[in-house]
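Single-structure report; data block below.
Coordinate-derived values only; no laboratory data. Owing to the predicted nature of the structure, the values given are computational and were not obtained by experimental measurement. Counting neighbours? That spans all protein chains shown, and the Cβs are built from the backbone with ideal geometry, glycine included.
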Amino acid sequence: ATFLCSLNPILIHMGPFAKEDVPGLFFFTIAVYLYLKNLEKQKIKYFILTGIFIGLTIGTRYNLPPPLFTIIAANELITQRPIKNLITKCVYFFCLPICILFLIPAITFSSIGITSFVDGFSAFFRELYIQFHHFTNATQESHTLNYIFLLKSFTYPLSFLGLIGFIHCCIKKTPGTFFFGQWFFVFFIFQTYAINHTEARYLFPAFPPLCFFIAHGIDFVFSLITSNLIKKTVLFLFLMIPYISAIIELSKFQDPFYKENKEKEASLIIEKNLLSINNRVFWVGEYYSFFPKEHYFDEEDGYTYLYHFDINAVRFYTSKKIKYIKISKTEDDLLFQENLIAAINHEDLVVDSAKEMYITKTIPLQMPPLQIKKTNILNFIKTKTTLSSVLFSSENNNLVQIKFPLDSPKKELILQGKAITPGKYAVLIESKDQKRIYCGNLEVDKKGVAIFVQKIKSDFFKQIIEAEKASLLSFEVLKIFYHSSS
């Protein structure tokens, strides 16, 4: 059964990745194993170990606690009459796991600097609320998807053997039939009909009991055949498709995508360029979708081969507390993104991501690049005001000046001095109450003197006279990650 489980392509694929799915399967299976050992031995160490692994299971993924508690409760109510050591089991199988559930985020959040140990509990409650709100409001996906995902990942021959094995075990009342049967059906039904969002990897905890019945199905088929040669032939035919599927899945890891690790590279660039603890990371846009060339398991499974890069991946690779602000992307050119321009400071970093989070069936033929940028701000102070213009001079170099003409019908700015690097800049002014006001954009040519003003706002010129400071904001591109789906 273990060998059959190891042939599953989705399990093979997720094995190397730092995701919740494989640890969730591991903790779930070990918790069940220790629970069964506890029924057999009734020793305190198995009570404790079972409680610990139940706690690790329910703290790994949101969809694991209900079926796990249901499986244990159903087994106790149906096969353990009267229930032995009821109070002890409630303490170790429920109270201890709940304590571990709250300790995990408190320890994790405090160790990476997100919150203190005590505040970790309240942060966990906030995360629970956010996730509960997110998943209860998610669009209900088709109930048939999990049936399709299970058949495709295990292949039709093994799935057929699983059905034969289940029927045979029920008829023969094979030991373990009830427990493994209710394990599979409780988890599969809960995942299919109680969870709105569906992915193939969410079904991992249903794999062990299914493999139990597949193994019994093979055993039953063999019992009907007397010839060893025919047995070997039948086994070869049944395992050929799953084995080929596993080989194909392993071969996908030869894609350069799996060797480059762009997420790690981007994270380390961010870490290297955060020069001060006061500098922040502005994530403009949604999660960025990285994926290999072969990125389809099923069109309706939007995430199996997609890796959505976000600030959590940066924290994972850098193990640092990062001040992070997420902003929706409304403009392709960030110099037009007013909510970003108004909030960002000198040497803050910007992750210029995609406008939307892509899934399998929405990936464009040409992905927009992921860009990591550093903010540069040149500050100017007011030095002269006349009826026709306001002059601002650089704080570090008086030869560099910005002149705001108040009587120009074109509302153009004049840049004086050649110490400005050619490129695009956002123009900002700061009022007496230190409120930063976005005026528009300009472009400096190679001579450093020609200015073309874009998206200038006429109502801001009324506030220029009262402004105390002005700034030119630009972005330095640190790294561009190009990514194509073709």
Using a/c under 1.5 as the rounded threshold, could you call the stretch 1-152 rounded, prolate or oblate? The axes a ≥ b ≥ c are square roots of the C-alpha gyration tensor eigenvalues, and prolate needs a/b larger than b/c, oblate otherwise. oblate
Helix 156-172: angle to the longest alpha-carbon principal axis of the chain, degrees 0 to 90, nearest 10? 40
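Normalised by the residues of the chain, what does the relative contact order come to in percent, with Cα pairs under 8 Å and at least six apart?
Taking the mean separation of contacting Cα pairs over the length of the chain, I get 12 percent.
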Taking 22 Å as R0, compute the FRET efficiency from the Cβ-Cβ separation of Glu260 and Ser319 and round it to 0.05. 0.55
Quick calc, the chain, dipole around Cα centre from Cβ unit charges on Lys, Arg (+) and Asp, Glu (-), nearest 20 debye, gives 900
With x for Gly and Pro, the residue-by-residue ³J(HN,Hα) of the stretch 6-11, computed from phi through the Karplus equation 6.51 cos²θ - 1.76 cosθ + 1.60 at θ = phi - 60° and given in whole Hz, is 5, 7, 5, x, 5, 5
Rg (Å, one decimal) plus Dmax (Å, integer) for the alpha carbons of the stretch 266-353? 14.9, 45
From the phi of every residue in the stretch 87-102, what ³J(HN,Hα) in whole Hz does the Karplus formula 6.51 cos²θ - 1.76 cosθ + 1.60 yield, where θ is phi - 60° and glycine or proline is x? 5, 4, 5, 5, 5, 7, 8, 10, 5, 4, x, 5, 4, 5, 4, 7
Residues Cys170, Cys439 in order from fewest to most other beta-carbon atoms within 10 Å are Cys170, Cys439
Could you tell me which of rounded, prolate or oblate describes the stretch 244-317, using a ≥ b ≥ c as the square roots of the eigenvalues of the alpha-carbon gyration tensor, with rounded for a/c under 1.5 and, failing that, prolate when a/b is larger than b/c and oblate otherwise? prolate
Can you tell me the FRET efficiency between Asp298 and Lys432 if r is taken as the Cβ-Cβ distance and R0 is 41 Å, rounded to the nearest 0.05? 0.10
Full extension between Ile480 and Ser116 adds, at 0.36 nm per residue less the Cα distance, a length in nm of 127.5 nm
Which distance in nm do the two modelled labels at Phe17 and Leu36 give, with both placed 7 Å along the Cα-to-Cβ direction? 2.9
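Counting other Cβ atoms within 10 Å of each Cβ, which chymotrypsin sites (Phe, Trp or Tyr not before Pro) in the stretch 266-344 have at most 14 and sit in a DSSP loop? Mind dumping the intermediate values first?
Working: sites: Phe282, Trp283, Tyr287, Tyr288, Phe290, Tyr296, Phe297, Tyr303, Tyr305, Tyr307, Phe309, Phe316, Tyr317, Tyr324, Phe336; in loops: Tyr287, Tyr296, Phe297, Tyr303, Tyr305.
Those that pass, being in a loop and sparsely packed, are Tyr296.
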Helix 177-193 versus the longest principal axis of the chain: what is the Cα-based angle in degrees, 0 to 90, to the nearest 10? 30
Distance between modelled label sites at Phe222 and Leu163, nm, 7 Å Cα→Cβ extension: 2.3
Starting at the first residue of the stretch 115-121, write each ³J(HN,Hα) from the Karplus equation 6.51 cos²θ - 1.76 cosθ + 1.60 with θ = phi - 60°, in whole Hz, x for Gly and Pro. 9, 6, 4, 5, 5, x, 5
Dividing the mean separation of Cα pairs under 8 Å (6+ apart) by the residue count of the stretch 157-310 yields a relative contact order in percent of 25
Sorting check: for 177-187, 351-361, 255-265, which peptide has the highest mean count of neighbouring beta carbons within 10 Å, and how do the rest follow? 177-187, 351-361, 255-265
So which aspartates and glutamates pass the test for Lys424, namely a Cα distance under 19 Å, with those fewer than 8 places away in the same chain ruled out? Glu331, Asp332, Asp333, Glu338, Glu347, Asp348, Asp352, Glu412, Glu443, Asp445, Glu476
As an exercise, identify the trypsin sites (Lys or Arg not before Pro) in the stretch 160-248 lying in DSSP coil whose Cβ has no more than 12 other Cβ atoms within 10 Å. Lys173
Mind scanning Lys41/Lys172; Lys435/Lys469; Lys272/Lys373; Lys374/Lys432; Lys84/Lys172; Lys320/Lys479 and naming the pairs with a C-alpha gap bigger than 19 Å? Lys41/Lys172; Lys374/Lys432; Lys84/Lys172; Lys320/Lys479
With labels modelled as points extended 7 Å from the Cα through the Cβ direction, what inter-label distance (nm, one decimal) is found for Ile83 paired with Leu151? 3.9
How many percent of the alpha carbon pairs in the chain exceed a separation of 44 Å? 34
